[in-house]
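The values are calculated or read from the model by the stated rules, or taken from the named source; none is laboratory data. Just so you know, these numbers come straight off a predicted model, no measurement behind them. As a convention, Cβ positions derive from the backbone with ideal geometry for all residues, glycine included, and neighbour counts pool all protein chains shown.
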Amino acid sequence: MSTYEQFIFKSSFINGEWESSDSAYQVLNPSTGEVITNVSSATPSQIDMALDSANQALPAWKGLVASERADLLMKWHDLIIENEKALAALLTAEQGKPFREALGEIRYGASFIKWFAGEAVRVYGDILTPTKHNKRMMVVKEPIGVVGALTPWNFPNAMITRKVAPALAAGCSVVLKPSELTPLSALALAHLANEVGFPAGVLNVVTTEDPSQIGDAFCSDPRVAKISFTGSTAVGRMLAGNAAANLKKLSLELGGNAPFIVFEDADIARATDGLIASKFRNNGQTCICSNRVLIHANIKEKFVEVLKRKMSDLKIGDGMERGVDIGPLISNKAVDKVQELQSDAVEKGGVIAMGGEVSRGQFYQSTIIDHGSTDMRCFREEIFGPLLVLYAFNDDSEAIQVANDTDYGLAAYFYTSSIDRVYRVSEALEYGMVGVNATVISDASAPFGGVKHSGQGREGSKYGLDEFLHKKYITVDLAQDS
Ligand code: SIN
């Protein structure tokens, strides 16, 4: 473990300078409720300065050869890894997840920088086959321009690098607005980028207590070419509406309602391990956390017995304490929402088979709700908390029908030992990502994203770079043969 004081920055980072304002907001530690520090809230003119500096920095940045951008990205990656323990401690302080998990996030976040440093030098165009003798035709890929990035509190580091690294690799400049709940990890990343020599204005971080102010600026300002957002479907829908008038390009990584399906032939030991890893990652506060657990009726009793035994070993507490598996929820509002979903489930016939209480502050017991039904809110909405809802099914078609009966389409998981099911079910699930006998699906080399109301576009992988490039077609008419 490590201290993080050297990584506390308290104001926006614009054009290579720290810019404070007269107004500030508190950043709280969700485990203790203590104030970590105050961070200044950007003024409208500072938001304008950030957009201006990104716009001014763009021509020189995109004018570099890709390997120069890749070299800087690798230096940034290396410096992050050198400081991983302090960055993880900072992340635990502002977000609450256990230190071990925070360290995992710092490495996961850095893996996107390394991946896109590699991809930066592999932006290939095309030579096309012309339909006329004297024509020559080609496609080149160019950076889209200034990117406005809006990132959430559940992954204060990795959701930034997953957007910013491909944007910078492609030759775009960025104005980033991190969540007001977790701005410190973002500012630490900006500091390290500055240390390794990213030119001023290429990466700007604007801290503000009023997300709508900067969201509106991204949607309306002609200097912003592209908006990349991770967060709720409700806010994504609002952004898409506001951005439509100015035809901004959008990448949206939104909410999920992941089914976790356990077929009769599943390996129960592996399935329960997979479920716990997925459901309780970040205390259930992940867009791809299992949200509904569908179990074949014939194995449900055995499954629940093993699950309860394993869940009772999970230690809940302050993420900086040794041996802690699960931290607090992010805020009191988040606690209230989980309680509401639990009460709704109980009113509709759900039975609390384990947990169900707030132990103290923002710490919520890991909870099982048995006899889940499709009309419960926790079945239809993204829970974002440690409620595990069980539903018994009788055959494959029922499981698939229930799994797909949602507006969301981010991640889905299932456990089986039948190769036929592996193909049939993964093809039938209407989701952007499917884990088969697997719940650890996130990887820098894989395309992360959803269908339906879970968003549009992909992050990570070779596809993640395309989101920041547009294709320019160039054709040349040659003079007739002399
Ligand atoms: C998310 O919750 O949106 C991100 C989860 C991940 O990258 O695995």
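Can we say Leu87 is closer than 30 Å to Ala334 by Cβ, in a helix (DSSP H, G or I) and in contact with an Asp or Glu (Cβ under 8 Å, 6 or more places away or on another chain)?
Numbers: closer than 30 Å to Ala334 by Cβ: yes; in a helix (DSSP H, G or I): yes; in contact with an Asp or Glu (Cβ under 8 Å, 6 or more places away or on another chain): no.
Considered against the rule, which asks whether it is closer than 30 Å to Ala334 by Cβ, in a helix (DSSP H, G or I) and in contact with an Asp or Glu (Cβ under 8 Å, 6 or more places away or on another chain), Leu87 comes out as no.
Could you pull out every one of the strands (runs of 3 or more DSSP E) wholly within segment 107-193 that has 2 or more residues that are surrounded by fewer than 24 Cβ atoms within 10 Å (Cβ to Cβ)?
Details: elements: 126-128, 135-143, 146-150, 173-177.
Filter on segment 107-193 gives 126-128, 135-143.
Could you list, in sequence order, the residues of segment 242-262 that are among the hydrophobic types (A, V, I, L, M, F, W, C), more than 23 Å from Ala167 (Cα to Cα) and in a strand (DSSP E or B)? Reasoning before the result, please.
Step one: filter segment 242-262 for residues among the hydrophobic types (A, V, I, L, M, F, W, C), giving 243-245, 247, 250, 252, 254, 258, 260-262.
Restricting the remaining residues to those that are more than 23 Å from Ala167 (Cα to Cα) gives 245, 258, 260-262.
Ala258, Phe260, Ile261, Val262 - these are the residues of segment 242-262 that are among the hydrophobic types (A, V, I, L, M, F, W, C), more than 23 Å from Ala167 (Cα to Cα) and in a strand (DSSP E or B).
This table checks each residue for (1) closer than 20 Å to Pro156 by Cα; (2) within 16 Å of the ligand (Cβ to nearest atom); (3) not basic (Lys, Arg).
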residue	(1), (2), (3)
Arg292	no, no, no
Ile295	no, no, yes
Lys308	no, no, no
Lys315	no, no, no
Asp318	yes, no, yes
Gly323	no, no, yes
Asn332	yes, no, yes
Glu340	no, no, yes
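Return the pair list, or none, for Cβ contacts closer than 6 Å from residues in segment 319-330 that are in the same structural domain as Ser278 (by TED's automatic domain parsing) to residues that are in a loop (DSSP other than H, G, I, E, B) and aliphatic (A, V, I, L, M), at least 6 apart or on different chains.
Asp325/Leu314; Ile326/Leu314
Among Leu73, Leu79, which is the only one that is crowded, with 22+ Cβ neighbours inside 10 Å, at pLDDT 95 or above, out of contact with any Ser or Thr (no Cβ under 9 Å at 6 or more places or on another chain) and not in a loop (DSSP other than H, G, I, E, B)?
Numbers: Leu79 fails: crowded, with 22+ Cβ neighbours inside 10 Å.
Going through Leu73, Leu79 in turn, the sole match is Leu73.
Which of the following residues is surrounded by 24 or more Cβ atoms within 10 Å (Cβ to Cβ), hydrophobic (A, V, I, L, M, F, W, C) and either at pLDDT 95 or above or not assigned by TED's automatic domain parsing to the domain that holds Pro386 (or both): Ala42, Ala57, Ala66? Give the steps one after another, and end with the answer.
On the way: Ala57 fails: surrounded by 24 or more Cβ atoms within 10 Å (Cβ to Cβ); Ala66 fails: surrounded by 24 or more Cβ atoms within 10 Å (Cβ to Cβ).
Going through Ala42, Ala57, Ala66 in turn, the sole match is Ala42.
Which residues, counting only those in segment 103-142, are under 30 Å from Cys219 (Cα atoms), away from the ligand (no atom under 16 Å from the Cβ) and of a type in the set (Gly, Ala, Ser)?
Ala117, Ala120, Gly125, listed by residue number.
Show the residue pairs meeting these rules: Cβ distance below 7 Å; 6+ apart or different chains; first residue within segment 143-159 and within 11 Å of the ligand (Cβ to nearest atom); second residue among the small types (Gly, Ala, Ser) and not in a helix (DSSP H, G or I).
Note: pairs meeting the criteria are Thr151/Ser179; Pro152/Ser179; Pro152/Gly231; Trp153/Ser179.
From (1) part of a helix (DSSP H, G or I); (2) under 30 Å from Ala234 (Cβ atoms), pick out the condition that doesn't hold for Thr286.
The one condition Thr286 does not meet is (1).
Tell me which strands (runs of 3 or more DSSP E) are completely within segment 396-482 and hold 1 or more residues being crowded, with 16+ Cβ neighbours inside 10 Å, within 16 Å of the ligand (Cβ to nearest atom) and touching a residue at least 24 places away in the same chain (Cβ under 8 Å), or say none if there are none.
On the way: elements: 411-415, 433-436, 469-477.
Passing ranges, in order: 411-415, 433-436.
Run down Ile295, Ile288, Ile261 and say which single residue is closer than 26 Å to Gly409 by Cα, β-branched (Val, Ile, Thr) and within 20 Å of the chain's Cα centre (by Cα). Step through it out loud before you land on a result.
Details: Ile295 fails: within 20 Å of the chain's Cα centre (by Cα); Ile261 fails: within 20 Å of the chain's Cα centre (by Cα).
After applying the criteria, what remains is Ile288.
Residue check: is Asp344 more than 17 Å from Ser31 (Cβ to Cβ) and surrounded by fewer than 16 Cβ atoms within 10 Å (Cβ to Cβ)?
Details: more than 17 Å from Ser31 (Cβ to Cβ): yes; surrounded by fewer than 16 Cβ atoms within 10 Å (Cβ to Cβ): no.
Against the criterion (more than 17 Å from Ser31 (Cβ to Cβ) and surrounded by fewer than 16 Cβ atoms within 10 Å (Cβ to Cβ)), Asp344 does not qualify.
Would segment 263-279 turn up any residue that is crowded, with 17+ Cβ neighbours inside 10 Å, among the hydroxyl-bearing types (Ser, Thr, Tyr), within 16 Å of the ligand (Cβ to nearest atom) and part of a strand (DSSP E or B)?
Checked against the condition, which is being crowded, with 17+ Cβ neighbours inside 10 Å, among the hydroxyl-bearing types (Ser, Thr, Tyr), within 16 Å of the ligand (Cβ to nearest atom) and part of a strand (DSSP E or B), segment 263-279 yields no hits at all.
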